[in-house]
Amino acid sequence: MPSTADTDTAEGRVPRTYLGWGVAATVLCFLPLGLIVVLQGLRTNRALADGRMDDAARTSRSARRWLVVTIVVGVLVDLVIAAALLLLGAFST
């Protein structure tokens, strides 16, 4: 069974770039991994502009994977920081 992005290009739909989500994840979650999402989104845009739909679908899937990883790592880092601050007594009055 083909993946979602494969069926999108087979049906003539344009793959998503995830550029907006990548910028948001970069600012709100975890900068280093968010930049990878942005770069993959830009590569998807370039492939779409050149008419390379297979490359665009592949980089779109990669951008989506990195977006999920960025959000998960960002949430985990925030939880570790909050736990460390809690243990250090930063929230006590």
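Any read-out appearing in this document is the output of simple, stated calculations on the displayed coordinates, not a laboratory observation. Remember, predicted model here, so these are calculated numbers, not experimental data. So basically every Cβ, Gly included, is an ideal-geometry build from the backbone, and we count neighbours across all protein chains shown.
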When the chain is fully extended, how far beyond the present Cα-Cα distance does V68 get from T93, taking 0.36 nm per residue of separation? 5.4 nm
Per DSSP H run of at least 4 residues, take -39500 (n - 2.57); add these up for the chain, divide by its residues and hand me the 222 nm value, nearest 500 deg cm²/dmol. -26000 deg cm²/dmol
I'd like to verify something in the chain: which complete DSSP H helices, judged by Cα projection on the helix axis, reach 30 Å or more and average at least -1.0 on the Kyte-Doolittle scale? 53-87
For L39, project a label point 7 Å along Cα to C-beta. Then give me every residue of the stretch 58-93 with its amide nitrogen under 19 Å of that point. 58-74
Answer with a single label: of [x] 36, 12, 8; [y] 23, 19, 15; [z] 32, 16, 9, which was calculated as semi-axes √(5λ) of the Cα gyration tensor in Å from the structure in view? [x]
Net charge dipole size for the chain [Lys, Arg +1 and Asp, Glu -1 on Cβ; Debye, nearest 20]: 100
